[in-house]
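To start, the structure itself, in structure tokens.
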Amino acid sequence: MTTAPVVTLGERELALRARARRVIPGGMYGHMRVEAFSAAHPQFMVSGDGCRVTDADGREYFDLMCGWGPVVLGHRHPGVTAAILDQLERGDCLDGTSPVAVEYAELLVDTVPAADWAMFCKNGTDATTTCVTTARAATGRRKVLVANGAYHGAVPWCSLRGEGVTAEDQAHLVHYEYNDLASAERAAAEAGDDLAAVLVCPMRHDVRRDQELADPAFARGLRALADRTGAVLILDDVRCGHRLDLGGSWEPLGVRPDLTAWSKALANGQPLGAVTGIESLRDAARRIYVTGSFWYAAVPLAAGLATLRELRKGRALPDMLRTGTRLRDGLAAQAAAHGYRIRQSGPVQMPVLYFDGDDDLSLGTAWAEAAARHGVYLHPWHNWFLSAAHTDADIDGILERTDDAFTEVRRGGR
């Protein structure tokens, strides 16, 4: 067993939560409200370095969430940090777009085979919304096919939550089942001549269930369906982008979308989203009106340019594949040694772990909380993220602590 101390929530964490409840609805909201999934994870962080984060009470954790995806090179990556500081000295939110926008767009188009142009925004919801708006402008149609349970953003047109969302907000969404081409064909038939777009994630990454890689035949079938109906094929690469393949997560399948939504890992933690598209959709993208006061901020664009330059050196993606495999193999061995049957699914760079028979996720939550107490920050039912900053030694350190977590839940009678 490791000698790492077992921690509980600290005094400053608890004080910050109390203060937050007085001025922030729920004390925090969205996915950052950790009380919704854990009684042991800290909500407030004060710093990050490489693959580690430090909470408000000074306790350090191995980070397997990477800011919920954006941190692909590691916290405070020196090259990205230097680019941020250099641009910040010259200006960020200016009256005109910084030249770095053009330079970054050129590099992104050069990197992504399905890109003839690029537009920038702030987050993944911006990007998917811009894609759908562009598709509707290009086709003059309204209906959009989306997979059951798929997350494409946190605004009414695509929200998975019912509170504050009306049926009219989603009146033009038609649902299909991921990896079920026949259901997509039925959805397209229901949409008929009003089908504007087919929206799809590179893999199924719905929360609280095993992840599913895309069946190549399914991906090819959606491409053919879009071509046959004149609809736009949109790949929502917000979560997977820049971890699986720099050219786009379906590039290894030989399937290229018409539009791609990007965010999370684009700028190693800076707020940035992007849309890339093919030449025939350039005019539609020019005609729509999408904008924001902060969409053209220069610092995130400089961070995006520095991040992509680093990723194009070719080391980061193979490193994440290697360390992700090391983590998956180690967890499988640990679970077996402790007498647990687990399921690990999805790419090793974006893993998720569930316990067999744990229908209410209580065992998985107990294990994730134990891992947090032993210094590993991971989630009980949302996929994790590896970064290029995770070394083999870091994975070994993580595994020492997850082994302690297995021991703890077993001693607790779980």
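Evaluate the following for V53: is it of a type outside the set (D, E, K, R), assigned to a strand (DSSP E or B) and closer than 25 Å to R309 by Cα? Spelling it out, V53 is indeed of a type outside the set (D, E, K, R), assigned to a strand (DSSP E or B) and closer than 25 Å to R309 by Cα. There is no residue in the stretch 201-216 that is more than 28 Å from I342 (Cβ to Cβ) and at pLDDT 95 or above.
Got at least one residue in the stretch 313-331 being touching a His at 6+ places or on another chain (Cβ under 7 Å), in the same structural domain as D394 (by TED's automatic domain parsing) and over 25 Å from A214 (Cβ atoms)? Scanning the stretch 313-331 turns up no residue that is touching a His at 6+ places or on another chain (Cβ under 7 Å), in the same structural domain as D394 (by TED's automatic domain parsing) and over 25 Å from A214 (Cβ atoms).
Candidates L331, L327: the one that is touching a Ser or Thr at 6+ places or on another chain (Cβ under 8 Å), in a helix (DSSP H, G or I) and either touching a residue at least 60 places away in the same chain (Cβ under 8 Å) or within 21 Å of F37 (Cα to Cα) (or both) is L331. For the stretch 84-106, a residue qualifies if it is in contact (Cβ under 8 Å) with a residue 40 or more places away in the chain and either among the charged types (D, E, K, R) or touching a Gly at 6+ places or on another chain (Cβ under 9 Å) (or both), and the qualifying residues are D86, R90, D92, S98, V100, E103, Y104. Given the criteria assigned by TED's automatic domain parsing to the domain that holds D180 and surrounded by 23 or more Cβ atoms within 10 Å (Cβ to Cβ), does D237 qualify? Yes: the conditions hold for D237. Does Y340 meet the test of being in a loop (DSSP other than H, G, I, E, B), modelled with pLDDT of 95 or more, more than 18 Å from the chain's Cα centre (by Cα) and surrounded by fewer than 23 Cβ atoms within 10 Å (Cβ to Cβ)? The answer is yes for Y340.
Being in contact with a Phe, Trp or Tyr (Cβ under 9 Å, 6 or more places away or on another chain), under 23 Å from R204 (Cβ atoms) and assigned by TED's automatic domain parsing to the domain that holds E279: is that true of N148 here? For N148, the condition - in contact with a Phe, Trp or Tyr (Cβ under 9 Å, 6 or more places away or on another chain), under 23 Å from R204 (Cβ atoms) and assigned by TED's automatic domain parsing to the domain that holds E279 - is met. Scanning the stretch 39-50 for residues that are on the phi < 0 side of the Ramachandran plot, buried (at least 19 other Cβ atoms within 10 Å of the Cβ) and part of a strand (DSSP E or B) yields a count of 1. Every test in (1) at negative phi; (2) surrounded by 21 or more Cβ atoms within 10 Å (Cβ to Cβ); (3) part of a loop (DSSP other than H, G, I, E, B) is passed by H242 save one, and that test is (1). Test V174 against the criterion of being in contact with a helix residue (DSSP H, G or I) (Cβ under 9 Å, 6 or more places away or on another chain), over 20 Å from V255 (Cα atoms) and in the same structural domain as G248 (by TED's automatic domain parsing), and give yes or no. Taking the combined requirement at face value, the residue satisfies it. Please go through the stretch 276-315 and pick out each residue that is more than 20 Å from T97 (Cβ to Cβ), aliphatic (A, V, I, L, M) and outside any loop (DSSP other than H, G, I, E, B). Passing the criteria: L281, A284, L311. Considering V232, V238, V207, the condition of being in contact with an Asp or Glu (Cβ under 7 Å, 6 or more places away or on another chain), hydrophobic (A, V, I, L, M, F, W, C) and either free of Cβ contacts under 8 Å to residues at least 24 places away in the same chain or closer than 27 Å to G273 by Cβ (or both) is satisfied by V232 alone. With the structure loaded, tell me whether A191 is at negative phi and not in a helix (DSSP H, G or I) or whether it fails that test. For A191, the condition - at negative phi and not in a helix (DSSP H, G or I) - is not met.
Can you confirm whether A388 is without any contact (Cβ under 8 Å) to a residue 12 or more places away in the chain and among the small types (G, A, S)? So A388 does not fit the description; no.
Of all residues in the stretch 259-311, those satisfying the criterion of being of a type in the set (K, R), surrounded by fewer than 22 Cβ atoms within 10 Å (Cβ to Cβ) and in the same structural domain as L108 (by TED's automatic domain parsing) are R282, R286, R287.
Report yes if T307 is under 26 Å from T391 (Cα atoms) and among the β-branched types (V, I, T), otherwise no. So T307 fits the description; yes.
The values are calculated or read from the model by the stated rules, or taken from the named source; none is laboratory data. Everything quoted here is computed from the prediction, not taken from an experiment. Note: ideal-geometry Cβ built from the backbone for every residue, glycine included; neighbour counts use all protein chains shown.
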